[in-house]
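Sending over a structure as structure tokens; questions will come in a sec.
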Amino acid sequence: MRSNSEPVTLGDIYPDFQATCGPILLRVPTSDDIVMLTNHVYQGLGLDDETHLGEWYLENNRVQTGRNTMAYHYGAWHDLDLVGAQLPFTVLVDGKVVGCQGLSVSAGPYGMVKEFSTGSWLVPDARGVGLGTAARHAMLHVAFAGFHAHKVRSKATVGNISSQRVSEKTGYHLDGTTNIIVHNQNVTLDRYIITRTMWRNSSRPTTILEGADTILPHLLGFPQQF
């Protein structure tokens, strides 16, 4: 039984909002999911997946990294403003939390530009078997079919072949490069983009989205009609 003092997430309130693509289940994280994600990060799982997840995510202090992870996931779903919102979703396989697939508002306000960026990580045991591709397909379905996005962008470190392949398999096109500073080092990223038209015309597996109508009014200040 949940105590009165325990934080509650939108995933606890709206457990029916989820997207299924093959073996992948994508959902708004529950409190239990956030604990599992924090535990994975505390153990160092996922930290080498994409260097552009943010400098706080690459801290050497495991305790602080775990705290930052938990604060990020709770804060993201409790601070849904129109500009700069972060929407991290839990990735599950057979009921097990294996990673995170997120949407962030890449330009705002969202109601005007309808553009997201994606980011993700999976635990090592879940990599290399197509789960990352399935999770991205599910996330794109949430973005385009659920949130009515016009564009979705992604970035991958130059040389991160697995991340680049996921973007290519899910219909993104290369859109130049950009640079960021991580731990005082200049890191070059490949930029990818997929538009709503590109997504509609792409070959993609079936994704089932459930419960969107109950949660959309609570996200990003969405109007009742698009």
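Here, each number is a calculation from the coordinates, and none is a lab measurement. These numbers were taken from a predicted model, which means no experiment stands behind them. As a convention, Cβ positions derive from the backbone with ideal geometry for all residues, glycine included, and neighbour counts pool all protein chains shown.
Listing Phe144, Phe116 from the residue with the fewest other Cβ atoms within 10 Å to the one with the most, what is the order?
With the fewest neighbours first, Phe144, Phe116 line up as Phe144, Phe116.
In addition: Going by how many other Cβ atoms sit within 10 Å of their own, how do Asp12, Asp94, Asp32 line up, fewest first?
Going from least to most buried by this count: Asp94, Asp32, Asp12.
Roughly how many nanometres apart are two label points built 7 Å out from the Cα toward the Cβ at Glu210 and Ser31?
Using points 7 Å along Cα→Cβ, the separation is 2.3 nm.
Determine the sum of side-chain charges near Pro23: Lys and Arg each +1, Asp and Glu each -1, restricted to other residues whose C-beta is under 12 angstrom from that of Pro23.
Net charge in that neighbourhood comes out at 0.
Using the number of other C-beta atoms within 10 angstrom as an exposure proxy, rank Asp33, Asp213 with the fewest first.
Placing the least packed residue first, the sequence is Asp213, Asp33.
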